[in-house]
Amino acid sequence: MKVDVLLGLQWGDEGKGKVVDVLTPRYDAVARFQGGPNAGHTLEFEGKKYVLRSIPSGVFREGQVNIIGNGVVLDPVLFREEAEALEKSGVDLRGNLRISKKVHLIAPTHRLLDAANEKAKGGKKIGTTGKGIGPTYTDKISRNGIRLGDIYHNFDEKYSALRERHLEQLRQLGAEPEGLPELEKKWMDAIEYLRGFEIIDSEFEIDKLLKEGKSVLCEGAQGTLLDIDFGSYPFVTSSNTICAGACSGLGVAPGKIGEVYGIFKAYCTRVGSGPFPTELFDETGKTIRDLGHEYGAVTGRERRCGWIDLVALRYAIMINGVTQLIMMKSDVLDGFDEIKACVAYRINGEETRQFPYSIEEDIEPVYVTLPGWKTDMTRFTSEDQFPKAFKDYISFLEKELDTPITIVSIGPDRDQTIIRQNHK
């Protein structure tokens, strides 16, 4: 057996949570492979709305195993809040969730450092969520981090060393560790709460599942254009959000990767700072934001909106080896007379279809204009009901991206998902 990978192809917020929930019945296990609680995966079904930060989106399906892999950074306090809310709603979390010993822990001082570092940048802020993710990955890479498995190995000594190191860094930044005793007490209580879950060597667990013939879906967070290596650096996240991140974030060999599901919106959004070539600053952009309810699931931050960027999408498909595309929020464009798609960039008078080293420079999007479908598709149950203009839009995208679109989302509910009959 091989693992399948599901990830975002834009700047995150593509709707990965809903798709994992829809696809989970096909799998025996769902494993999250990177990121931290800055990721917010929103799921809606049976009239209820759920936002998951660190817990895999397969937890609502009975019988599936859910794994938080070693590539994730975990905030014990936020994890506890998330887990208790799910348990209160009837989810058997203790029975179906397992956590890697090798996840790195976000300490209270990581969050203080995140805020102090961002403040020190002044006008060149990255636009982080302030959750401590960046400093935690920094400690991981500099070999100063603390891992969940350390709760069984000289934990107090390791935490004390980390804490003192952080306090010195805060002093150097001229920041005060305000409220640290209270934050630490809450954090230590959450560490004890974590002991109640099954803490495992996730790489061996996934290998065991595959050898037993079980199917595994690897769930990514954020999006390809936020990848630390291949995203719009430095306005990126601190982990590898691409398909290769599933290998390092779960201990899966490259040869064990099967299908790669790439998720994108029918338009494009971005949260926080950073370049965004197709961003719209007019009423059209505002309309897309309002119709798409484009606000961060975790932070509530207003998302910047624009037309779909096929230059960036082609790049993301190439980097990830995408085999199937999933288009989200198609219904948001239901009322538009015309739809635009960026097919190339014009840089210094020259046109290119290749994603450049830096997109901070002046880039003029080259657009193709297509007719809108002017049809409310939210109640459709089959692709046969799609209007011709929408079918043409799908065909246009498939030709430009050279990859089949196998699933189309026409609303937030799990039932508002069309699996195309010719592309199962």
Calculated log₁₀ intensity ratio I(q)/I(0) where the Debye formula runs over C-alpha points of the stretch 310-424, q = 0.09, 0.11, 0.15, 0.18 Å⁻¹: -0.28, -0.41, -0.73, -0.98
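Based solely on its DSSP helices, what 222 nm [θ] is calculated for the chain when runs of n ≥ 4 H residues each add -39,500 (n - 2.57) and the sum is averaged over all residues, nearest 500 deg cm²/dmol?
Numbers: 12 runs with 132 residues, N = 424.
It lands at -9500 deg cm²/dmol.
Taking every DSSP beta bridge with both residues inside the chain, roughly what % is antiparallel (nearest 5)?
Details: 25 of 62 bridges.
Of all bridge pairs located within the chain, approximately 40 percent are antiparallel.
Using the Cα gyration tensor of the stretch 123-268, with a ≥ b ≥ c the square roots of its eigenvalues, what is the shape: rounded (a/c below 1.5), prolate (a/b larger than b/c) or oblate (neither)?
Working: a/c = 2.35, a/b = 1.29, b/c = 1.83.
Oblate.
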Per residue, how much accessible surface does the chain expose to a 1.4 Å probe? Answer in Å², no decimals. 43
If the viscosity is 1.002 mPa s and the temperature 20 °C, what translational diffusion coefficient in µm²/s does Stokes-Einstein give for the stretch 309-372 when Rh comes from Kirkwood over Cα pairs? 160
Specify the residue with the greatest mean-square fluctuation among Thr24, Thr287, Thr241, computed from a Gaussian network of the chain linking alpha-carbon atoms under 10 Å apart. Thr287
Provide the net charge surrounding Leu401, with neighbours chosen by a C-beta distance below 13 Å and charges set as Lys +1, Arg +1, Asp -1, Glu -1. -1
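Taking 0.36 nm per intervening residue step and subtracting the Cα-Cα distance, what contour gain separates Lys2 from Tyr233 on full extension?
Full extension from Lys2 to Tyr233 adds 80.0 nm.
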Could you grab the relative contact order for the stretch 267-424? Cα pairs under 8 Å, six or more apart, rounded to a whole percent. 23
Using 27 Å as the Cα-Cα cut-off, could you pick out the over-long pairs in Lys16/Lys121; Lys16/Lys256; Lys102/Lys214; Lys48/Lys340; Lys18/Lys391? Lys16/Lys121; Lys48/Lys340
Percent relative contact order of the chain, based on C-alpha pairs within less than 8 angstrom and at least six residues apart? 20
Of the accessible area of the chain, with the probe set at 1.4 angstrom, what percent is carbon plus sulfur? 48
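Quick one: net charge around Lys208, please, counting Lys, Arg +1 and Asp, Glu -1 for every other residue with C-beta under 14 Å from its C-beta.
Numbers: positive: Arg98, Lys211, Lys214, Lys256; negative: Asp28, Glu198, Asp201, Glu203, Glu205, Asp207, Glu212.
Overall, the nearby charge balance is -3.
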Length gained if Met188 through Lys119 is fully extended, taking 0.36 nm per residue and subtracting the Cα-Cα distance, is 22.1 nm
Net charge contributed by nearby residues that have their C-beta within less than 11 Å of Asn348 (K/R +1, D/E -1): -4
In the chain, how does Rg compare with the Kirkwood Rh, expressed as the Rg/Rh ratio over alpha carbon atoms? 0.97
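The values are calculated or read from the model by the stated rules, or taken from the named source; none is laboratory data. Since the model is a prediction, treat every value here as computed from it, not as a measurement. Don't worry about glycine lacking a Cβ; one is built from the backbone with ideal geometry, like all the others, and counts go over all protein chains shown. The area values use the complete protein model at the heavy-atom level, side chains included, leaving out ligands, DNA and RNA. Shrake-Rupley method; radii C 1.70, N 1.55, O 1.52, S 1.80 Å.
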